[in-house]
Amino acid sequence: GQPPALGPGTRKPPALTGKQPHGPSTGALMASSVPLSVIQGNDVTVDLSVFEEDGATPQDLTGLTPQLLVKDSQYDADATATVFTVGAGLTITNLTLGLLTALLPRTLLAVSTGLWYRLDVADGSGEITTCIYGPLTVTPA
């Protein structure tokens, strides 16, 4: 399926990609740091692509539960984050190809400041793996 159409005042930055290991038995886990820049005060739709460890094979999200966290700093506790889950700001647009869309509301992006984001997935046993993370720069309009 296609990501939802963009409404008035919505900006769409470049798609983000991340690497997702095959599973917990692979040993060292890798995640991609991807800086993101958005315009202050806009609703922003972000396309997210999750890949296996090789960086080329799309990660099948079947059986995985994604969540996106946005917080003031990478050092802030996750409990302080705004959390987006499937059906609440996060949409899986293609389950087997690892494609998601996140809608970041303008209320979150109201202040011209630096934020931090992280996309995690949890498997059926509850093991969490970070796929994509990085600074989220909010630029004044």
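The values are calculated or read from the model by the stated rules, or taken from the named source; none is laboratory data. Remember, it's a predicted structure, so these values are computed and weren't measured experimentally. Backbone-built Cβ (ideal geometry, glycine too); neighbour counts: all protein chains shown. All accessible areas refer to the heavy atoms of the entire protein, side chains included, with ligands and DNA or RNA removed. Shrake-Rupley method; radii C 1.70, N 1.55, O 1.52, S 1.80 Å.
Things to note:
- Residue among Thr85, Thr93 that alone is loosely packed, with under 13 Cβ neighbours inside 10 Å and in a strand (DSSP E or B): Thr85
- Residues of the stretch 31-46 that turn out to be in a strand (DSSP E or B) and closer than 18 Å to Thr130 by Cβ, as a count: 4
- Summed over the stretch 119-129, the residues that are of a type outside the set (A, V, I, L, M) and surrounded by 18 or more Cβ atoms within 10 Å (Cβ to Cβ) give a count of 2.
- Residue in the stretch 63-71 that is touching a Gly at 6+ places or on another chain (Cβ under 6 Å) and more than 20 Å from Ser32 (Cβ to Cβ) present: yes
- Picking from residues in the stretch 86-102 that are polar (S, T, N, Q) and in contact with a Leu (Cβ under 8 Å, 6 or more places away or on another chain), the one that is nearest to Leu115 (Cα to Cα) is Thr101.
- Within the stretch 113-141, residues that are among the acidic types (Asp, Glu) sit with their Cβ atoms under 6 Å from residues that are open to solvent by 70 Å² or more (accessible area, probe 1.4 Å), at 6+ positions apart or across chains, in these pairs: Asp120/Ile128; Glu127/Pro24.
- Residues of the stretch 96-118 classified as open to solvent by less than 20 Å² (accessible area, probe 1.4 Å), farther than 16 Å from Phe51 by Cβ and not hydrophobic (A, V, I, L, M, F, W, C), total: 2
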